[in-house]
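Contents: one structure, followed by commentary.
Nothing in this text is a laboratory measurement; each read-out follows from the coordinates by a stated rule. Owing to the predicted nature of the structure, the values given are computational and were not obtained by experimental measurement.
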Amino acid sequence: MANGDMTKETEYDKIEVVQTWTVQVRKATKIMEEQADGSKVELSRSYHRHVLQPFLSVKGDDGKWTHTDTDLSKENAKIKAIASAVWDSSTKTAYKTFIESQKS
């Protein structure tokens, strides 16, 4: 990288677990410029947030629920590890019970 070159860097700077089963994720995207001395200066920063829950839950016309596991395949390794640790079988059962009681 030469002086004045710019790069884009991303980092997951905030991963929070709320309500026992919800994983909130904040990704920071930074535009960096290299200085003559080799150091980098941050020119801008923007954020993207998203929320993950163990299932996508849908109540069918017949009144039966379908709970489809959340696809974590495109998530960062840290996010996958946290979600896997948080979403144990008892948490998943509690989530299903909560969702079904809220959307009756």
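Some notes on this structure:
- Within a straight-line Cα-Cα reach of under 27 Å, Lys40 can be paired with the following lysines, leaving aside sequence neighbours fewer than 8 residues apart in one chain: Lys8, Lys14, Lys27, Lys30, Lys78.
- Average Cα contact separation per residue, the chain, under 8 Å, 6 or more apart, as relative contact order %: 21
- The slack in the chain from Thr22 to Ala85, taken as 0.36 nm per residue of separation less the alpha-carbon distance, amounts to 21.5 nm.
- Calculated [θ] (222 nm, deg cm²/dmol) that DSSP helices of n ≥ 4 give over the chain, each run adding -39,500 (n - 2.57): -7000 deg cm²/dmol
- Under Karplus coefficients 6.51, -1.76 and 1.60, residue-wise ³J(HN,Hα) of segment 12-27 in Hz, glycine/proline x: 8, 9, 8, 10, 10, 10, 10, 6, 6, 10, 8, 10, 9, 10, 10, 10
- When the chain is treated as a Gaussian network with alpha carbon springs shorter than 10 Å, the biggest mean-square fluctuation among Ile79, Ile31, Ile15 belongs to Ile31.
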